[in-house]
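Chemist: Sending over a structure as structure tokens; questions will come in a sec.
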Amino acid sequence: MNRGKKRLLYVVQNILLIIYGIFALFPLLWMFIISLKSDTQVFTTTFLFTPTLENYKEVLLQSDYIKYMFNSLIVSGGAVIVSVIAGVPAAYALARYNFHRKEDLAFQILSFKFAPEILVVLPLFMIYQKIGLYDSYFGLIWVYQLISMPLLIWVVRGYFEDISVEIEYAAQVDGYTWYQIFFKMLAPLVKPGLVSSALLAFIFSWNSFTFPLILAGTKVQPITVAITKYLGTDTAHYGQLAVAATVSAVPAMIFALCIQKHLVRGLSFGAVKG
Amino acid sequence: MNKKDKVAGMGNLNTVPFKTRVRPYLIVAPALIITVGIMIPFVMAIWYSLTNYSFSLPNHRFIGLKNWVNVISSFKFWNALVVSVLYGVCATAVELALGMGVAMLLNHLNNRLSKILRILLIFPLMVAPVTATIVWQLMLNSSVGIIEKFLNVFGIFNFPWAASPHTALLTVVIIDVWVNTAFMILLVLAGLQSLPKSPFESAKIDGGSAWFNFVNLTLPMLKPSLYIALLFRLMAALQEYAIIFSLTKGGPGDSLMSLSLTAYQTGFRFQKFGYALPFILVLWLIINITAKQIVKKQRTAQKQAAGLE
């Protein structure tokens, strides 16, 4: 291949990347632009307009939006905390011990991720109605375990497996108890993996839609379900719709930036070690 | 007790004390109780699919396979099956192809542009499906959307997008592709970067063409990662609910009534709970069988890839 051809290929490749970049990122920028437009400017302007924070004021101060965000925070945060407390020891056991039917058990936990959400939620709706968990924080936190627990167990298990058994032996020879070894030695070693998978579990829970749509009433409704109100009502307030969407998306994006190094591992449940 | 045996499972079963032997089960138990507890409804679902359970009836009774027969002989079911499979396969196929292309460009160029994009591309993936739907409504809407303005330049006015049964599937697939292509990119990119160097170096000496190297080296060694990406995406896309629900609630007409949406509508809107369950149980069956096949293929690919190194 001669030089000119190579140069051309390089330019074409860059252009292709830029086109994909625009496809992936422009819609988010457009949402942000609309969130800054007044109700009339939405219809009459494209890129040139006088930005206003009116929509933000309207959504964040004049409506219940903050309450819904708070609900999302409680439910997603609660779900992750429960998953960490119960899941980390389980991940350790699945990484370190050899016990009867271990792999079956691990796959069973993973299979929860693949169960259709509607299938889980239809019967659960009845049970929750009967035992009073419908429209409660606890009820949502419990069902969110299907999102956060498999993720946490599988990813953290991989990080435990990366630590050599030898150093555990060494610590035991030095007379440390199992609990000391776990908290003083292993915990700091898996911390980056644990924190990143916990954040990813938080993002997934934050974004969850089907579970709260059916199992949450007005009291504990999270942001993803509340946002549909803006979709349905009179369509003139596109600016407010854009604000609602922007505000719901920003926390997840910030978290994602914090964990980008561990993202591949988390997204593939530890199957691909990026 | 010998201290070394405390890292359980390492010693012979007969010499390990009972307490140590049950410890792993005890440690896994809380996680399992929490998740299995929530899966009890799943077992109930199978039972209720054999009853005439309804929220509007005071009692329910066993009616055998009647629901199943009714569901499978209905047009609604086959329509829903086609929608689910079409959505799942189209979205996953486009995401896989596009994701592979972009990942290879990112890996090959390795310039400043690609380094910035690698970070920024994850944003759509982190957006909730509902939010993604809003984002695209703001893009596609005929009065405020920029795409309408763009299409006007080419003389296309009022492209119907989600409003027409002919373009509704296209619209939801675009949204799904926008959200999830980044997942494919990340996984393929990680796969590409973990490829061993030596086979490519010897191929260079042999002087094979770029295409030859791709088909005979890159692709087979990448296959294990590709299957994993495929597994995760296809399983999720087959049961996609949030995007379709928030965009059109399954309409216009029945054009987007997938198995998930049909089950939801039958169960909650029409209050026929027992009748709703076969729809979703069939989907679960499809997902399970497909997942097993992909996992099997992944294992074979992994063995072949190991042989190439």
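Chemist: Could you list, in sequence order, the residues of the stretch A:263-274 that are within 7 Å of chain B (Cβ to nearest Cβ), of a type in the set (G, A, S) and either over 18 Å from A:P192 (Cβ atoms) or open to solvent by 10 Å² or more (accessible area, probe 1.4 Å) (or both)?
Modeler: Here is the first cut: in the stretch A:263-274, the ones within 7 Å of chain B (Cβ to nearest Cβ) are A:263-264, A:267-268, A:271-272, A:274.
Narrowing the set further to residues that are of a type in the set (G, A, S) leaves A:268, A:271, A:274.
Those that are within 7 Å of chain B (Cβ to nearest Cβ), of a type in the set (G, A, S) and either over 18 Å from A:P192 (Cβ atoms) or open to solvent by 10 Å² or more (accessible area, probe 1.4 Å) (or both): A:A271, A:G274.
Chemist: Please work out which one of (1) more than 7 Å from every other protein chain (Cβ to nearest Cβ); (2) surrounded by fewer than 19 Cβ atoms within 10 Å (Cβ to Cβ) is the condition A:Q260 fails and give its number.
Modeler: (1)
Chemist: Count, please, the residues in the stretch A:100-124 that happen to be crowded, with 19+ Cβ neighbours inside 10 Å and either more than 7 Å from every other protein chain (Cβ to nearest Cβ) or over 22 Å from B:L231 (Cα atoms) (or both).
Modeler: Selection size over the stretch A:100-124: 5.
Chemist: Another question about this same structure. Restricted to the stretch A:88-146, and to residues that are modelled with pLDDT under 85 and among the basic types (K, R), which residue is farthest from B:I287 (Cα to Cα)?
Modeler: That would be A:R96.
Let's see how each residue does on (1) charged (D, E, K, R); (2) more than 9 Å from chain B (Cβ to nearest Cβ); (3) out of contact with any Asp or Glu (no Cβ under 7 Å at 6 or more places or on another chain):
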{"residue": "A:G193", "(1), (2), (3)": "no, yes, yes"}
{"residue": "A:L199", "(1), (2), (3)": "no, yes, yes"}
{"residue": "A:G217", "(1), (2), (3)": "no, yes, no"}
{"residue": "A:K229", "(1), (2), (3)": "yes, yes, yes"}
{"residue": "A:Y238", "(1), (2), (3)": "no, no, yes"}
{"residue": "A:A242", "(1), (2), (3)": "no, no, yes"}
{"residue": "A:S248", "(1), (2), (3)": "no, no, yes"}
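Chemist: Within 29 Å of the chain's Cα centre (by Cα), among the small types (G, A, S), open to solvent by 40 Å² or more (accessible area, probe 1.4 Å) and under 30 Å from B:N213 (Cα atoms): is that true of B:A93 in this structure?
Modeler: Details: within 29 Å of the chain's Cα centre (by Cα): yes; among the small types (G, A, S): yes; open to solvent by 40 Å² or more (accessible area, probe 1.4 Å): yes; under 30 Å from B:N213 (Cα atoms): yes.
Yes, satisfied.
Chemist: From the list A:V247, A:V190, A:V243, which residue is open to solvent by less than 10 Å² (accessible area, probe 1.4 Å), closer than 30 Å to A:T50 by Cα and part of a helix (DSSP H, G or I)?
Modeler: Numbers: A:V247 fails: open to solvent by less than 10 Å² (accessible area, probe 1.4 Å); A:V190 fails: closer than 30 Å to A:T50 by Cα.
One residue alone meets the criteria, A:V243.
Chemist: Could you list, in sequence order, the residues of the stretch B:25-59 that are crowded, with 18+ Cβ neighbours inside 10 Å, in contact (Cβ under 8 Å) with a residue 12 or more places away in the chain and not in a loop (DSSP other than H, G, I, E, B)?
Modeler: Residues satisfying the conditions are B:A45, B:Y48, B:T51.
Chemist: Being within 10 Å of chain B (Cβ to nearest Cβ) and surrounded by 19 or more Cβ atoms within 10 Å (Cβ to Cβ) narrows it down to one residue among A:A79, A:A93; which is it? Outline the logic, then answer.
Modeler: Working: A:A79 fails: within 10 Å of chain B (Cβ to nearest Cβ).
That would be A:A93, the only listed residue that is within 10 Å of chain B (Cβ to nearest Cβ) and surrounded by 19 or more Cβ atoms within 10 Å (Cβ to Cβ).
Chemist: Within the stretch B:232-246, can one find any residue that is open to solvent by 30 Å² or more (accessible area, probe 1.4 Å) and farther than 24 Å from B:L125 by Cβ?
Modeler: No; the residues of the stretch B:232-246 include none that is open to solvent by 30 Å² or more (accessible area, probe 1.4 Å) and farther than 24 Å from B:L125 by Cβ.
Chemist: Could you list, in sequence order, all residues of the stretch A:201-210 that are open to solvent by less than 10 Å² (accessible area, probe 1.4 Å), facing chain B (nearest Cβ under 10 Å) and outside any loop (DSSP other than H, G, I, E, B)?
Modeler: Hits for the stretch A:201-210 are A:I203, A:T210.
Chemist: Might you let me know whether the stretch B:291-301 holds any residue that is in a helix (DSSP H, G or I) and closer than 30 Å to B:S56 by Cα? Spell out the reasoning first.
Modeler: Filtering the stretch B:291-301 down to residues in a helix (DSSP H, G or I) leaves B:291-301.
Imposing the further condition that a residue be closer than 30 Å to B:S56 by Cα reduces the set to none.
No - not one qualifying residue is present in the stretch B:291-301.
Chemist: For B:P252, work out the one condition from (1) farther than 23 Å from B:A182 by Cβ; (2) in a helix (DSSP H, G or I); (3) open to solvent by 30 Å² or more (accessible area, probe 1.4 Å) it doesn't fulfil.
Modeler: B:P252 satisfies every listed condition except (2).
Chemist: I've got another one for you. Could we say that A:I147 is open to solvent by less than 10 Å² (accessible area, probe 1.4 Å) and under 19 Å from the mean Cα position of the chain (by Cα) here? Spell out how you get there, then give the answer.
Modeler: Working: open to solvent by less than 10 Å² (accessible area, probe 1.4 Å): no; under 19 Å from the mean Cα position of the chain (by Cα): yes.
For A:I147, the condition - open to solvent by less than 10 Å² (accessible area, probe 1.4 Å) and under 19 Å from the mean Cα position of the chain (by Cα) - is not met.
Chemist: While we're looking at this one, here's another question. Across the stretch B:6-30, what is the total count of residues that are at pLDDT below 80, touching a helix residue (DSSP H, G or I) at 6+ places or on another chain (Cβ under 9 Å) and at the interface with chain A (Cβ under 10 Å from one of its Cβ atoms)?
Modeler: Counting residues in the stretch B:6-30 that are at pLDDT below 80, touching a helix residue (DSSP H, G or I) at 6+ places or on another chain (Cβ under 9 Å) and at the interface with chain A (Cβ under 10 Å from one of its Cβ atoms) gives 9.
Chemist: Exactly one of these conditions fails for B:I175: (1) open to solvent by 10 Å² or more (accessible area, probe 1.4 Å); (2) within 11 Å of another protein chain (Cβ to nearest Cβ); (3) part of a helix (DSSP H, G or I); (4) not charged (D, E, K, R). Give me its number.
Modeler: The number of the failed condition is (1).
Chemist: Next question, about the same structure. From (1) within 12 Å of chain A (Cβ to nearest Cβ); (2) surrounded by fewer than 17 Cβ atoms within 10 Å (Cβ to Cβ); (3) more than 27 Å from A:L36 (Cβ to Cβ), pick out the condition that doesn't hold for B:F62.
Modeler: Result: B:F62 fails condition (1) only.
Chemist: Still on this model: From A:Y169, A:Y179, A:Y159, grab the single residue that is crowded, with 22+ Cβ neighbours inside 10 Å and either closer than 30 Å to B:R23 by Cα or touching a strand residue (DSSP E or B) at 6+ places or on another chain (Cβ under 6 Å) (or both).
Modeler: On the way: A:Y169 fails: crowded, with 22+ Cβ neighbours inside 10 Å; A:Y179 fails: crowded, with 22+ Cβ neighbours inside 10 Å.
One residue alone meets the criteria, A:Y159.
Chemist: A further question follows. So which residues in the stretch A:125-144 are open to solvent by 10 Å² or more (accessible area, probe 1.4 Å) and either within 20 Å of B:I27 (Cβ to Cβ) or at the interface with chain B (Cβ under 7 Å from one of its Cβ atoms) (or both)?
Modeler: Across the stretch A:125-144, the qualifying residues are A:I127, A:W142.
Chemist: Conditions: (1) within 14 Å of chain A (Cβ to nearest Cβ); (2) farther than 29 Å from B:S258 by Cβ; (3) open to solvent by 60 Å² or more (accessible area, probe 1.4 Å); (4) not in a helix (DSSP H, G or I). B:S142 meets all but one. Number of the miss?
Modeler: Status for B:S142: all satisfied but (2).
Chemist: Quick one: what pairs do we get from the stretch B:105-118, first residue touching a residue at least 24 places away in the same chain (Cβ under 8 Å), second open to solvent by 30 Å² or more (accessible area, probe 1.4 Å) and part of a helix (DSSP H, G or I), C-beta under 8 Å, 6+ apart or different chains?
Modeler: B:L106/B:R118; B:N107/B:Q193
Chemist: Mind checking which residues of the stretch B:145-165 are assigned to a loop (DSSP other than H, G, I, E, B) and either facing chain A (nearest Cβ under 7 Å) or without any contact (Cβ under 8 Å) to a residue 60 or more places away in the chain (or both)?
Modeler: Going residue by residue through the stretch B:145-165, those that are assigned to a loop (DSSP other than H, G, I, E, B) are B:145, B:154-160, B:164-165.
Once the filter is applied, which keeps residues that are assigned to a loop (DSSP other than H, G, I, E, B) and either facing chain A (nearest Cβ under 7 Å) or without any contact (Cβ under 8 Å) to a residue 60 or more places away in the chain (or both), the stretch B:145-165 yields B:G145, B:F154, B:G155, B:I156, B:F157, B:N158, B:F159, B:P160.
Chemist: Now for a separate question. Could you list, in sequence order, the residues of the stretch B:263-287 that are under 22 Å from B:G64 (Cβ atoms), within 19 Å of the chain's Cα centre (by Cα) and β-branched (V, I, T)?
Modeler: First, pick out the residues of the stretch B:263-287 that are under 22 Å from B:G64 (Cβ atoms): B:263, B:266-267, B:270-285.
Okay, now just the ones that are also within 19 Å of the chain's Cα centre (by Cα), so B:263, B:279-285.
Of everything in the stretch B:263-287, those that are under 22 Å from B:G64 (Cβ atoms), within 19 Å of the chain's Cα centre (by Cα) and β-branched (V, I, T) turn out to be B:I280, B:V282.
Chemist: Let me ask something else. Quick test for you: out of B:L226, B:L283, B:L261, B:L222, pick the one residue that is open to solvent by 10 Å² or more (accessible area, probe 1.4 Å) and either at pLDDT 90 or above or in a helix (DSSP H, G or I) (or both).
Modeler: Numbers: B:L283 fails: open to solvent by 10 Å² or more (accessible area, probe 1.4 Å); B:L261 fails: open to solvent by 10 Å² or more (accessible area, probe 1.4 Å); B:L222 fails: open to solvent by 10 Å² or more (accessible area, probe 1.4 Å).
Result: B:L226 is the single residue among B:L226, B:L283, B:L261, B:L222 that is open to solvent by 10 Å² or more (accessible area, probe 1.4 Å) and either at pLDDT 90 or above or in a helix (DSSP H, G or I) (or both).
Chemist: Scan the stretch B:287-308 residue by residue and report those that are under 15 Å from B:L230 (Cα atoms) and touching a residue at least 40 places away in the same chain (Cβ under 8 Å).
Modeler: B:I287, B:T290, B:A291, B:I294, B:V295, B:K297, B:Q298, B:A301, B:Q302
Chemist: Can I ask one more? Of everything in the stretch A:31-63, what is open to solvent by less than 30 Å² (accessible area, probe 1.4 Å) and away from every other protein chain (no Cβ under 14 Å)? Give them in sequence order.
Modeler: Result: no residue meets the conditions.
The values are calculated or read from the model by the stated rules, or taken from the named source; none is laboratory data. Only a predicted model underlies this, so the values are computations on that prediction, with no experimental measurement involved. Every residue, glycine as well, gets a Cβ built from its backbone with ideal geometry; the counts of neighbours run over all protein chains shown. Just the protein is used for accessible areas: all its heavy atoms, side chains included, with ligands, DNA and RNA removed. Shrake-Rupley method; radii C 1.70, N 1.55, O 1.52, S 1.80 Å.
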